[in-house]
Ligand code: SF4
């Protein structure tokens, strides 16, 4: 990040589940700002006429969608700032124990549905979340169709070379081909998490590129060309990719990309 | 088997939704949220929100703000009652706001009634539905929400098992337009009376079913001071002319407002609600005093909330510090009708900014600035973190006009304030004005442009490009003010004045004029001074689809004009006609504590163009607010702000007649005989 005198950068991983999924990305940013003020962590502020705390969120999550892994990078000032005792106690030495304590502490300052899973200091010079994350995985629950129909549509999408969807941009209707962005599309929930699907729905899982722009769950379903209703959309992963390897920006266990530990790294499918 | 006390009886089958089992409606609400705008307004979850358990013994209140969540959530009056009712052990309270049009449609299509945002219970499952009325144009929403809640619209149509419908807020000082729809109105401060009301309702709900008759409840409520039960009164008319309202049942001939004598006893809200999503005034709000005695003649809020009751300075500091720590807000607004007049305001704000526990990044906003350079310097100091806009309210374009309305701001004061603002780095200053004021001439309108032009010139001494925004509202005469007798300008006249203003301001670069739609001003006039017959008009407008009339994109003049015509009511009679001293007014049986003679004399003085000083620092005029109610001003300082009362520098040496109680600063107080 530019133009700051911040001394340290923290990466936070959190979930957004339940009723709070109806808040917007801006709402969540405000909730974080207030929680961090209450935390007394020495968050660095931008300079200028209208200073803001230096927080940077990754990929925007559409209003209404849940997530198992959202990320936030925070720049911190020197320990001489007000509240340093708390900060020093909590992150003076960020071993796994204090990281867990800090996660619990931050969760207690956030409303129901936002819950911190891991915190870790990011090495100076790391790229921004916005810049680094290049794909993400969605788990979608749809209604109004049978599993067989969904399977057939998935097959059709994967076999075609072009999946046009329409979207409105600056008041004009555009047609976009989302096929190049689809990395994988499968029937069934994506991983073995203890998530019971909503009754009467069909689950599917999709990994899509987030560049040059993110494909929204609604667009994916439009590409399926079935008459279905999206009941629930949940982002399960965001990925930083290098070659054919990929990492989460911060694993639930608190590991950063490139750190040792094979479970933080997966072979891209 | 008779139902447990305090619970609602089974509802008639005709009702769209049967809440008998009191289950959360969330499963039917949730699917609707995917397709509506700003769904976060329907999920609640605020910090400070309660989730009361309905045990069937406590009186269950649904507090409703009849506008959107974003507008209603910050309402402090509603939040105060929410805490009081939830802290008592014989009551509980939840909240509801008006669903926006897309959500309302989705709810109606799917048979989802108005619901509370805490437990998602249907409105009809509550014993009391209480509306906060802050503006007249929301009245059609009140009817819409009752209908959406499955509650019969008219008080007379409600059965024993239906909720009791109440209303409070500033608009209840003329309750008549909603008289047929509301079972009981609360006039004045609600802190004390809400408990008395709850006790009456509780014992009624617990009474034998034979005594559980709405007529009995009405009469019991009408015995409480400050509670107005319209069904116990009748109005008379002579053709178009309103002739008076008198009791037809066991009720007092006049209902006098309730006043909390000491704000220091009510340090509420303790747990201001912090929403998950963006709302207006999204900051900590601490009410620093209630009441205002500046005596601006157009201002209903100032007239009906007398006398001035300051919160003790230490309590203000505590509420600010605790509130900031609890909420994480970085901005606090010190609210009142005129915060710059708070005794010791500079030291209070400096303490807030300097308090290390506040983290050093707190800005304080003073929603209403006094027009002087001194105030601006304070504003500059306290808004180091984030500068909000600066707004001054001269209200009138010429000194003559400002004497008529008793807004005694001299041009030098305004120019001094604006000079200080631009000198402190602001580049944009907003000025509030009213047009359509009594005795107004075209030169007063052009005076607005002249003031704006001079302010732009002052700004250009400091910055190359500056903006003065003149925000111009149409004047609506309000009940319980000296202007309650005056004729409101016609829509055409207001339009002519706005056109005059626009034409003249076009010549001035750097001056932007914004104005309020004269059509909406006219409708506000119909409702503000309306009598009971306006209820049918409101109902017609609502039935024709006219909700959210406060919102310019939803406002429909044609619906109001049609409804007035089909009810055979004349807008000229009601809105554009000056009243005589003997004429009955629809709110005569409601008292804000002000003597009618005082208001009439003040009206006559207005016509002569003579102003009056602020009775906080100068002799009492015996308006009635203190003298008749056995209460008095509570102010910490006997000294008026620099420049004297209202900037007129009056001689204050004869202050001994003011009923003032000093809460601190004893050495100053000792120089005055109280
Ligand atoms: S009674 Fe006297 S002191 Fe009290 S508000 Fe009225 S004029 Fe002012």
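The values are calculated or read from the model by the stated rules, or taken from the named source; none is laboratory data. Since this is a predicted model, take the numbers as computed values, not measurements. All Cβ positions, even for glycine, are placed from backbone atoms using ideal geometry, and neighbour counts span all protein chains on display.
Of the residues B:539, B:565, which single one is closer than 29 Å to residue B:188 by Cβ and away from the ligand (no atom under 16 Å from the Cβ)? Full working, then the answer.
Numbers: B:565 fails: closer than 29 Å to residue B:188 by Cβ.
Going through B:539, B:565 in turn, the sole match is B:539.
With (1) surrounded by fewer than 22 Cβ atoms within 10 Å (Cβ to Cβ); (2) in a helix (DSSP H, G or I) as the list, and residue B:191 as the residue in question, which single condition is left unmet?
(2)
Is it true that some residue in segment B:522-534 is more than 30 Å from residue B:256 (Cα to Cα) and touching a residue at least 60 places away in the same chain (Cβ under 8 Å)? Give the steps one after another, and end with the answer.
As a first pass, look at segment B:522-534 and keep what is more than 30 Å from residue B:256 (Cα to Cα): none.
The answer is no, given that none of the residues of segment B:522-534 is more than 30 Å from residue B:256 (Cα to Cα) and touching a residue at least 60 places away in the same chain (Cβ under 8 Å).
Scan segment B:578-593 and give yes if some residue there is in a loop (DSSP other than H, G, I, E, B) and within 12 Å of the ligand (Cβ to nearest atom), otherwise no. Break it down into steps so the answer makes sense when it comes.
Step one: list which residues in segment B:578-593 are in a loop (DSSP other than H, G, I, E, B), which gives B:578-589, B:592-593.
Those left that are additionally within 12 Å of the ligand (Cβ to nearest atom): B:592-593.
Looking through segment B:578-593, at least one residue is in a loop (DSSP other than H, G, I, E, B) and within 12 Å of the ligand (Cβ to nearest atom).
Give B:324, B:276, B:284 a once-over and let me know the one that is touching a helix residue (DSSP H, G or I) at 6+ places or on another chain (Cβ under 6 Å), within 14 Å of chain A (Cβ to nearest Cβ), more than 16 Å from the ligand (Cβ to nearest atom) and closer than 21 Å to residue B:369 by Cβ.
Details: B:324 fails: closer than 21 Å to residue B:369 by Cβ; B:276 fails: closer than 21 Å to residue B:369 by Cβ.
None of the other options fit; the residue is B:284.
Would you check if there is a residue in segment B:544-557 being part of a helix (DSSP H, G or I) and either at pLDDT below 95 or surrounded by 14 or more Cβ atoms within 10 Å (Cβ to Cβ) (or both)? Please lay out each step first, then the result.
If we filter segment B:544-557 for residues that are part of a helix (DSSP H, G or I), which is where we start, we get B:557.
Those still in the list that are either at pLDDT below 95 or surrounded by 14 or more Cβ atoms within 10 Å (Cβ to Cβ) (or both) too: B:557.
Within segment B:544-557, one or more residues are part of a helix (DSSP H, G or I) and either at pLDDT below 95 or surrounded by 14 or more Cβ atoms within 10 Å (Cβ to Cβ) (or both).
For segment B:191-202, indicate whether the set of residues that are within 14 Å of residue B:589 (Cα to Cα) and in the same structural domain as residue B:63 (by TED's automatic domain parsing) is non-empty.
Filtering segment B:191-202 for residues within 14 Å of residue B:589 (Cα to Cα) gives none.
There is no residue in segment B:191-202 that is within 14 Å of residue B:589 (Cα to Cα) and in the same structural domain as residue B:63 (by TED's automatic domain parsing).
Please work out which residue is nearest to the other protein chains (Cβ to nearest Cβ), limiting yourself to segment B:297-321 and to residues that are crowded, with 20+ Cβ neighbours inside 10 Å and closer than 27 Å to residue A:110 by Cα.
If we take residues in segment B:297-321 being crowded, with 20+ Cβ neighbours inside 10 Å and closer than 27 Å to residue A:110 by Cα, then B:320 is nearest to the other protein chains (Cβ to nearest Cβ).
Looking at segment B:522-538, is at least one residue over 18 Å from residue B:140 (Cβ atoms) and either in contact with a strand residue (DSSP E or B) (Cβ under 6 Å, 6 or more places away or on another chain) or at pLDDT below 95 (or both)? Write out each step before concluding.
Of segment B:522-538, the ones over 18 Å from residue B:140 (Cβ atoms) are none.
No, segment B:522-538 contains no residue that is over 18 Å from residue B:140 (Cβ atoms) and either in contact with a strand residue (DSSP E or B) (Cβ under 6 Å, 6 or more places away or on another chain) or at pLDDT below 95 (or both).
Got at least one residue in segment B:220-230 being in contact with a helix residue (DSSP H, G or I) (Cβ under 9 Å, 6 or more places away or on another chain) and within 16 Å of residue B:80 (Cβ to Cβ)? Steps first, answer last, please.
Initial filter on segment B:220-230 (in contact with a helix residue (DSSP H, G or I) (Cβ under 9 Å, 6 or more places away or on another chain)): B:220-230.
Then keep just the ones that are within 16 Å of residue B:80 (Cβ to Cβ); that gives B:226.
Within segment B:220-230, one or more residues are in contact with a helix residue (DSSP H, G or I) (Cβ under 9 Å, 6 or more places away or on another chain) and within 16 Å of residue B:80 (Cβ to Cβ).
So is residue B:315 in contact with a helix residue (DSSP H, G or I) (Cβ under 9 Å, 6 or more places away or on another chain) and within 16 Å of the ligand (Cβ to nearest atom) or not? So that I can check it myself, show each step before the final result.
Details: in contact with a helix residue (DSSP H, G or I) (Cβ under 9 Å, 6 or more places away or on another chain): yes; within 16 Å of the ligand (Cβ to nearest atom): no.
For residue B:315, the condition - in contact with a helix residue (DSSP H, G or I) (Cβ under 9 Å, 6 or more places away or on another chain) and within 16 Å of the ligand (Cβ to nearest atom) - is not met.
Return only the number of the condition from (1) free of Cβ contacts under 8 Å to residues at least 40 places away in the same chain; (2) surrounded by fewer than 18 Cβ atoms within 10 Å (Cβ to Cβ); (3) not in a strand (DSSP E or B) that residue B:224 does not satisfy.
Just one mismatch for residue B:224, condition (2).
Determine whether segment B:289-303 contains at least one residue that is over 30 Å from residue A:113 (Cβ atoms) and in a strand (DSSP E or B).
Here is the first cut: in segment B:289-303, the residues over 30 Å from residue A:113 (Cβ atoms) are B:289-303.
Cutting the leftovers down to in a strand (DSSP E or B) gives us B:289-290.
Yes, segment B:289-303 contains at least one residue that is over 30 Å from residue A:113 (Cβ atoms) and in a strand (DSSP E or B).
Could you identify the single residue in B:148, B:178, B:143 that is in contact (Cβ under 8 Å) with a residue 40 or more places away in the chain, more than 27 Å from residue B:22 (Cβ to Cβ) and under 26 Å from the mean Cα position of the chain (by Cα)?
Working: B:148 fails: more than 27 Å from residue B:22 (Cβ to Cβ); B:143 fails: more than 27 Å from residue B:22 (Cβ to Cβ).
Being in contact (Cβ under 8 Å) with a residue 40 or more places away in the chain, more than 27 Å from residue B:22 (Cβ to Cβ) and under 26 Å from the mean Cα position of the chain (by Cα) holds for just one of B:148, B:178, B:143, which is B:178.
How many of the residues making up segment B:599-626 are surrounded by 17 or more Cβ atoms within 10 Å (Cβ to Cβ), modelled with pLDDT under 95 and either within 14 Å of another protein chain (Cβ to nearest Cβ) or within 12 Å of the ligand (Cβ to nearest atom) (or both)?
13
What residue, of B:441, B:461, B:453, B:403, is farther than 30 Å from residue B:348 by Cα and touching a residue at least 60 places away in the same chain (Cβ under 8 Å)? Steps first, answer last, please.
Details: B:441 fails: touching a residue at least 60 places away in the same chain (Cβ under 8 Å); B:461 fails: touching a residue at least 60 places away in the same chain (Cβ under 8 Å); B:453 fails: touching a residue at least 60 places away in the same chain (Cβ under 8 Å).
Every option except B:403 fails the conditions.
I want to confirm something. Restricting to segment B:287-296 and keeping residues that are within 22 Å of residue B:262 (Cβ to Cβ) and near the ligand (Cβ under 9 Å from one of its atoms), which single residue is farthest from the other protein chains (Cβ to nearest Cβ)?
Among those that are within 22 Å of residue B:262 (Cβ to Cβ) and near the ligand (Cβ under 9 Å from one of its atoms), it is B:293.
For residue B:400, work out the one condition from (1) part of a helix (DSSP H, G or I); (2) in contact with a helix residue (DSSP H, G or I) (Cβ under 8 Å, 6 or more places away or on another chain); (3) surrounded by 23 or more Cβ atoms within 10 Å (Cβ to Cβ) it doesn't fulfil.
(3)
Which condition number does residue B:353 fail, the rest of (1) away from chain A (no Cβ under 14 Å); (2) at pLDDT below 90; (3) not in a loop (DSSP other than H, G, I, E, B) being met?
Only one criterion in (1) away from chain A (no Cβ under 14 Å); (2) at pLDDT below 90; (3) not in a loop (DSSP other than H, G, I, E, B) is unmet by residue B:353, namely (1).
With modelled with pLDDT under 85 and either crowded, with 23+ Cβ neighbours inside 10 Å or outside the structural domain of residue B:459 (by TED's automatic domain parsing) (or both) as the only criterion, which of B:385, B:376, B:429 stands out?
Numbers: B:385 fails: either crowded, with 23+ Cβ neighbours inside 10 Å or outside the structural domain of residue B:459 (by TED's automatic domain parsing) (or both); B:429 fails: modelled with pLDDT under 85.
On inspection, the qualifying residue turns out to be B:376.
Quick check: anything in segment B:635-643 near the ligand (Cβ under 10 Å from one of its atoms), under 14 Å from residue B:293 (Cα atoms), away from chain A (no Cβ under 14 Å) and at pLDDT 85 or above?
There is no residue in segment B:635-643 that is near the ligand (Cβ under 10 Å from one of its atoms), under 14 Å from residue B:293 (Cα atoms), away from chain A (no Cβ under 14 Å) and at pLDDT 85 or above.
For residue B:166, only one of the following conditions fails: (1) in contact with a helix residue (DSSP H, G or I) (Cβ under 7 Å, 6 or more places away or on another chain); (2) part of a strand (DSSP E or B). What is its number?
Every condition holds for residue B:166 apart from (1).
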